[in-house]
Amino acid sequence: MSAVPGFDISPQRLVASTASAALALAGVAVTAGRRARRSAPAGKPLRGTAGRFTTPLLPDDYLQLINPLWSARELRGRVERVERETDDAATVVIRPGWGFSYTYQPGQYVGIGVNVDGRFHWRSYSLTSPPKRVQKHIAITVKAMPEGFLSSHLVRGLAPGTIVRLALPQGEFVLPNPPPEKLLFVTAGSGITPVMAMLRTLDRRRTMPDVVLIHSAPTEAEVLFRTELHGLAKGQSQFNLIERHTTKDGRVDFSKLDEVCPDWRDRQVWACGPERLLNDAESHWKSAGLDEALHLERFTASFNTSAEGGHVKYAVSGKEVDIDGATTLLEAGEKEGINMPFGCRMGICHTCTVRMVSGAVRDLRNGQETSGENTNIQTCVTAAAGDCVLEV
Amino acid sequence: MAVSDVKEYAHLTEAQVEELGAKFDAIRKEIQDSLGAKDAAYIRKMITLQRRLLAAARVTLFASAFPPAWVAGTTMLGVAKILENIEIGHNVMHGQWDWMNDPEIHSSSWEWDTMQPAEQWKHSHNYIHHTFTNVLGRDNDIGYGILRISRDQKWRPSHLGNPIWNLLLATLFEWGVALHDLDLEAIRKGEKDKKLLRGQLKQIGRKIRKQVGKDYLLFPLLTGPNFLTTLTANATANLMRNLWSYLVIFVDHFPDGVTYFTKEELEDETQGEWYLRQILGSANFRGHQTTHVMAGYLSYQIEHHLYPDLPSYRYPEIAKQTKAICEEYGVPYILGSLPGHYWQTFRTICKMSVPNGKLWNKDLDPIDPVRFERPERELAAVA
């Protein structure tokens, strides 16, 4: 499935599309996957002693029987409320449990794992809450996609009180400190979410520089944070909002950028939205010789699960290889000289299980496809069904 | 005699074995596709129950000097350890719950409440035992390198002590299991890699320190003046778990009629033949629902060997189908009572302490696996 022009984009971020980001996420996954012993309020020496009694489990495994948030083994959070933003988008406010780090930067995303029908499904969403010194909640804003069952579940099916899993905030799509004097944001659809966190932070800290935001949505009703954005524009003369409704105005045409933002050449640009918008922006700034000024955050349509084979990156060993749809990920890895864990080679002993950071694979025994982020797969019976990043 | 070609032994044609294999594959797919919230709720409930029971036992044992508290605490602790080892630990480490994609209940991260490190268990059990099930010289679970279980195993004078080693193994089961992945047979033959052995011993040492520290030092100390009574309670609970685990494991593989194989069987073995070997190499026992849970549903050993990574509590449901397939193809399906199977096992252990043919009465020689008859319908079709 390819990205459909306009707004039919999935809000999940294909972090794996850029090499550095993939490794960054792999880093998170490594910490999250091992038996995490993050510093928790109880203090390290006490936890160590308590652990002597609870071995082979952690004190957390018993404490979470009292309060589900009292565990740092896996980061978790409790859904406090789900606030409707538009017809098909909502902000999910989460209270994180022990071990979460609030020192994130606006523009970063957080991984969220939701238990649907017994299985944990992972996606990443931009944090829309600005980081604060004293903070008990975080928020993500999710747009339900017609084919994205997890996003629909988050918007419509998530009850307050639900316990979700979290991954630490990550991402390179952030503003420098102090922010540049002149800024241009180009966003579309739910691409506004990381920028909203930036705007809220700039506003809160009263450091709003000269900002132009060009934001597109299909119709007025589908513009996320519309009231808040207009409020900001009214209150602060240095913030200029250019709102476009693509069903009426059409998509952004960068060749006419001079008309709406004549000084765009002087501005540092942060752009987030569907693939096509970002590709257009990239070629526009490149042809102006200003690609240094452009910062992108890519969205993607759902993982391509109809593909046979794909480009596989073994993130820990740093090897990359193109493989066909019949070669198992184990064989391919071994051929590259990677020390892959293996056992029965027939799918029964699970020795070969590794974490797939992102991507799509097919089980060669029954053709079943698995895609997503932070998912464990058996390499001896699976082949690539699209591009994948494995933590091995 | 050990079997070298399971297909020939079972009087089945290549096409029939393939057909049978496809049927077993279909059951796997059906169960995998149906896994969902209900299954996840089962294992989560079981884990919560086990942890509460363990916590309650530890608290009760603060009063361990008071005999009723000792009995109650010890019983709860023993049951909690049994549930943790068999229904939870053993099954989670098999990957039965990996489909939930929850790193907290996952084969790659689970560590269990026994002396053997999880990593070594997964190698010796999930890989070696479950892949090379009942193949002489490959499956170290046929007697665990200590006992002589099959007539096809070479007799050594040490086997005269078979019944004694059996008693010791039952009592000290978790210590025996701790050493299992070292592969005693390989050490005896001098084939074991020294560096690997050192690494494994170190890993076992670390685990033992933690386990012994917890049960025989820290918790007794925590109960202050009741140090001794808590210590005996913990030791008794561990003994309970040892005896029960031993019992379940022995009756699953050593009753009469269970078949052993030679290495030739492994050559070009098809998936269908692999399934057949799993069925012929295992035995089920009947019991109450509680017995099945306490046995981690290993009472459905045939189903466990066919599908070691499908959730255990689905085995009764799977058994209805597998039993029917076995009947259809005339494949023996061993099902008996727990005491009956143990008696057969014990008898075999005693008989195997002397060399073949050396028993005073020929009739006492161990029974060969039953040669089973094909159903008449099949024979007629062939004729």
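Label sites at B:Arg286 and A:Thr219, each approximated as a point 7 angstrom past Cα along Cα to Cβ, lie 6.8 nm apart. Using only the C-alpha atoms, the convex hull of the range B:277-355 corresponds to 112 Å³ per residue.
Where q = 0.08 Å⁻¹, what log10 of I(q)/I(0) comes from the Debye formula for the protein assembly as shown, counting one point per Cα? Normalising to I(0) and taking log10 leaves -0.76.
Diffusion coefficient of chain B by Stokes-Einstein, Kirkwood radius over Cα pairs, 25 °C, 0.890 mPa s: 111 µm²/s.
Charging the Cβ of each Asp and Glu at -1 and of each Lys and Arg at +1, and nothing else, the dipole of chain A about its Cα centre rounds to 2020 debye. Considering only the Cα atoms of the range B:102-178, their convex hull presents on average a projected area of 5.9 nm².
Near B:Asn140, once Lys and Arg are set to +1 and Asp and Glu to -1 for all other residues with Cβ below 10 Å from its Cβ, the sum equals -4. Ignoring the sites themselves, chain B has its longest run without trypsin sites (Lys or Arg not before Pro) in a DSSP loop having at most 13 other Cβ atoms within 10 Å at B:1-153.
Each part reduced to its alpha carbon centroid, the range A:55-86 and the range A:246-278 end up 42 Å apart. Pairs of Cα atoms in chain A fall into 20 Å distance bins, from 0 up to the last occupied one, in shares of 26, 55, 18, 0 percent.
In the protein assembly as shown, a dipole from Cβ-located charges (positive for Lys and Arg, negative for Asp and Glu) runs towards its positive end, and of B:Tyr342, A:Asn339, B:Thr230 it is B:Thr230 whose Cα lies farthest in that direction. In units of the rule-of-thumb radius 2.2 N^0.38 Å, the range A:105-161 shows an alpha carbon radius of gyration of 1.22. Scattering from the range B:46-124 was approximated by placing one identical point on each alpha carbon and applying the Debye formula without solvent; log10 I(q)/I(0) at 0.18, 0.19, 0.26 1/Å stands at -0.74, -0.79, -1.13.
Selection among A:Gly309, B:Ser34, B:His253 by position relative to the dipole of the protein assembly as shown gives B:His253 as farthest towards the positive end (Cβ unit charges, Cα centre). Each of B:His129, B:His341 was scored by other Cβ atoms within 10 Å of its Cβ. Arranged with the fewest first, they read B:His129, B:His341. Rg/Rh for the range B:235-319 (Cα atoms only, Rh after Kirkwood) is 1.03. For the range A:319-362, the dipole from Cβ point charges (+1 on Lys and Arg, -1 on Asp and Glu) about the Cα centre works out to 220 debye, to the nearest 20. A cut-off of 5 Å between modelled amide H atoms, ignoring neighbours fewer than 5 places along the same chain, links B:Asn101 with A:Phe120. For a label point 7 Å from the Cα of A:Asp210 along Cα→C-beta, name the residues of the range A:229-257 whose backbone N is under 13 Å from it. The answer is A:238-240. For the range A:265-384, the equivalent ellipsoid derived from the alpha-carbon gyration tensor has semi-axes of 37, 15, 12 Å in decreasing order. The C-alpha radius of gyration of the range A:77-142, expressed as a fraction of 2.2 N^0.38 Å, stands at 1.12.
Computed over the range B:1-69, the alpha-carbon pair-distance distribution with 10 angstrom bins reads 16, 19, 17, 16, 17, 13, 3, each value a whole percent. Both radii are taken from the alpha-carbon atoms of the range A:135-258; with Rh as the Kirkwood radius, Rg/Rh is 0.99. Calculated mean residue ellipticity, 222 nm, chain A: -6000 deg cm²/dmol, from DSSP H runs (n ≥ 4) at -39500 (n - 2.57) each, averaged per residue and rounded to 500. Placing unit charges on the Cβ atoms only, positive for Lys and Arg and negative for Asp and Glu, gives chain B a dipole magnitude near 1960 debye about its Cα centre.
Summing Lys and Arg as +1 and Asp and Glu as -1 over all other residues whose Cβ lies under 14 Å from the Cβ of A:Asp87 gives a net charge of -1. When exposed loop sites are taken as GluC sites (Glu not before Pro) in a DSSP loop with at most 13 other Cβ atoms within 10 Å, the longest stretch of chain B clear of them is B:1-190.
Cα-Cα pairs above 19 Å in the range A:34-184: how many percent? Result: 58 percent of Cα pairs exceed 19 Å. Cβ crowding within 10 Å, taken as a proxy for footprinting-reagent exposure, orders A:Arg73, A:Arg52 from fewest neighbours to most as A:Arg52, A:Arg73.
For B:Gln96, what is the net charge nearby, where nearby means another residue's Cβ is under 11 Å from its Cβ and Lys, Arg count +1, Asp, Glu -1? Overall, the nearby charge balance is -3. Each principal axis of the range A:183-234 carries a Cα extent, and these read 31, 18, 16 Å when sorted largest first.
Please figure out what share of the DSSP beta bridges in the protein assembly as shown is antiparallel and state it in percent, rounded to the nearest 5. Close to 60 percent.
Given the range B:148-230, report the % of alpha carbon pairs whose separation exceeds 21 Å. That fraction is 51 percent. Positive-end ranking of A:Thr227, A:Val116, A:Ala50 along the dipole of chain A, with charges on Cβ about the Cα centre, is headed by A:Ala50. For the range B:144-196, the C-alpha radius of gyration divided by 2.2 N^0.38 Å, with N the number of residues, is 1.22.
All of the numbers you see were taken from the coordinates with simple rules; none came from a lab. This one's a predicted model, so the numbers in the text were calculated from it and none came from an experiment. Neighbour counts run over all protein chains shown; Cβ positions are idealised from the backbone, glycine included.
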